[in-house]
Amino acid sequence: MKLGIAGLGHVGCGLVDLVQKQESLRLPGKVEIAGVTARNRNRNRPVSTDQYEWFDDATRLAEDDSINVFVELIGGSDGPAKVAVETALKSGKAVITANKALIAMHGQELAELARENGVDLLFEASVAGGVPVVRVLRDSLAGVEVKRVTGILNGTCNFLASEMLASRRPYDVVLAEAQRLGYAEADPTLDVSGMDAAHKAAILAAIAFSADLDFSKVAVRGVDGVELLDLDLADRLGLRIKLIAEGKITKDDEVVCRVEPLAMPTGHPLARVNGSLNMVRVEGEPLGAVTLTGPGAGPGPTASAVMGDVAKLFNPIARPAFGRAEHHGIRKFVFADTDERSAFFLRVRLADRAGALAELTEALAESGVSVDKLLQDSADENGAAPVAIVTHTCSRREMNDASERVRELESSVGQPQIMAIEDSTD
């Protein structure tokens, strides 16, 4: 197996290291590196690449006859990564990538290109790092009618939420620590905005539901607006706040995919996942539910997932990249129906004056939202008293209407925080 590796960052160097010590691995054959490329040839790296032929251009490497597998670790949904992958597939080379943005945005067209040229497009490393969820969904659970996939797909966000609560430190302080520990990038926007998890969720949903991946229909909300106050009040109400990715089938046999902070009962499996771990939960018939947990990022786990795809190619069968054969019906991605119902966690700050709480509950009632539990703290130094409410079950439309009424209250200080409550604990 002769690899051409494009991209020699942390994951690329991790893969080179695995190839160099492959005698300790359980590979079904010998792997060689026939060529490498990166933006900077002279950069200091933790592994030596001097013995491999250097290519100044990723596209040139992708079409070179010396390789039979092109490994794309450049990153980015367009530009050099996309052009090089397309070139490799057209040249009859199998492609392995860890690029979730590329697959989320262009996966369907790349899968078709792979099919036309009779080669494999593999992307296990694009979702959940070392957790083999892509392979499990596409291959191991092919006999399961999947109804729902949920998970924690971003270790940075999970670290932020769990560490803020555990240490009682605010968002900015914990984010700085996450950057120091290597859990967050210098620019963490892709992670904390929820976009990274959304790319991964879309990929899983497309596989799980034989869906035509349409990333424009994925609803995304991150953790950058979650405060320590929210985590603390939710905790006191028996809830944990997690950034959850979800894909599910609607009653009209369409696919809803979204990423948002949810409040979860402490007994829920996803509520118990802390630190930078990832977890994916697959629910379907006749299986019930199965859960996979492990490290979701980092050069070691991601490089090992790439090497797992390399191992598969020793017996290539040019399987459909998303596991969807021609006879399968194709579902559509759609936006969620606002008639979806759940309980909600609501946090507001109210001016510390008589009648403020009554105004709040009246505003909720006018939208058809009733209170199940209520927790009020003393006013802070600015004279605003935090109030947390768990509602009875209502629709998202009713809750959205209620939030607008709450914002308009004279006693309301700042923006309210609203999260759906995940009620499954089995």
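Observations, loosely collected:
- Identity of the residue in region 150-179, open to solvent by 10 Å² or more (accessible area, probe 1.4 Å) and of a type in the set (A, V, I, L, M), that ends up farthest from GLY130 (Cα to Cα): VAL173
- Matching residues in region 69-122 - criterion: being under 24 Å from GLY29 (Cα atoms), among the acidic types (Asp, Glu) and over 22 Å from the mean Cα position of the chain (by Cα): ASP120
- Subset of region 387-405 [in contact with a helix residue (DSSP H, G or I) (Cβ under 6 Å, 6 or more places away or on another chain) and either part of a strand (DSSP E or B) or of a type in the set (S, T, N, Q) (or both)]: ALA388
- Single condition GLU410 does not satisfy, out of (1) open to solvent by less than 80 Å² (accessible area, probe 1.4 Å); (2) farther than 24 Å from LYS248 by Cα: (1)
- Test: residue in region 381-401 that is touching a Lys or Arg at 6+ places or on another chain (Cβ under 8 Å), at pLDDT 95 or above and open to solvent by 70 Å² or more (accessible area, probe 1.4 Å): yes
- Only helices (runs of 4 or more DSSP H) whose full extent lies in region 117-236 are considered here, and the ones with at least 1 residues that are in contact (Cβ under 8 Å) with a residue 40 or more places away in the chain and over 30 Å from ILE249 (Cα atoms) are 155-167, 171-181, 228-236.
- The selection criterion, being over 20 Å from the mean Cα position of the chain (by Cα) and either modelled with pLDDT under 95 or not aromatic (Phe, Trp, Tyr) (or both), holds for LEU165.
- Residue list for region 180-215, restricted to those being surrounded by 15 or more Cβ atoms within 10 Å (Cβ to Cβ) and farther than 30 Å from VAL144 by Cα: TYR183, ALA184, PRO188, LEU190, ASP191, VAL192, SER193
- Complete set of residues in region 20-44 that are open to solvent by less than 20 Å² (accessible area, probe 1.4 Å) and in contact (Cβ under 8 Å) with a residue 60 or more places away in the chain: VAL31
- Picking from residues in region 127-139 that are surrounded by 24 or more Cβ atoms within 10 Å (Cβ to Cβ) and not β-branched (Val, Ile, Thr), the one that is farthest from ILE67 (Cα to Cα) is LEU137.
- Number of positions in region 377-426 that are free of Cβ contacts under 8 Å to residues at least 40 places away in the same chain, hydrophobic (A, V, I, L, M, F, W, C) and more than 11 Å from VAL348 (Cβ to Cβ): 1
- Here GLY143 does not fit the description of being modelled with pLDDT under 95, over 24 Å from GLU422 (Cα atoms) and surrounded by 24 or more Cβ atoms within 10 Å (Cβ to Cβ).
- Checking each residue in region 69-97 for being open to solvent by less than 20 Å² (accessible area, probe 1.4 Å) and either free of Cβ contacts under 8 Å to residues at least 12 places away in the same chain or not in a helix (DSSP H, G or I) (or both) picks out VAL69, PHE70, VAL71, GLU72, LYS93, ALA94, VAL95, ILE96, THR97.
- Residues in region 271-289 include none that are in contact (Cβ under 8 Å) with a residue 12 or more places away in the chain, in contact with a Gly (Cβ under 7 Å, 6 or more places away or on another chain), hydrophobic (A, V, I, L, M, F, W, C) and surrounded by fewer than 16 Cβ atoms within 10 Å (Cβ to Cβ).
- Restricting ALA234, ALA245, ALA263, ALA219 to residues that are under 14 Å from the mean Cα position of the chain (by Cα) and buried (at least 23 other Cβ atoms within 10 Å of the Cβ) narrows the list to ALA245.
- Identity of the residue in region 293-329, part of a strand (DSSP E or B) and not β-branched (Val, Ile, Thr), that ends up modelled with the highest pLDDT: GLY294
The values are calculated or read from the model by the stated rules, or taken from the named source; none is laboratory data. Worth saying up front: this structure is predicted, and the values here are computed from it rather than measured. Cβ atoms come from the backbone with ideal geometry, glycine included; neighbour counts cover every protein chain shown. Please note that ligands, DNA and RNA were not included when accessible areas were found on the heavy atoms of the full protein model with its side chains. Shrake-Rupley method; radii C 1.70, N 1.55, O 1.52, S 1.80 Å.
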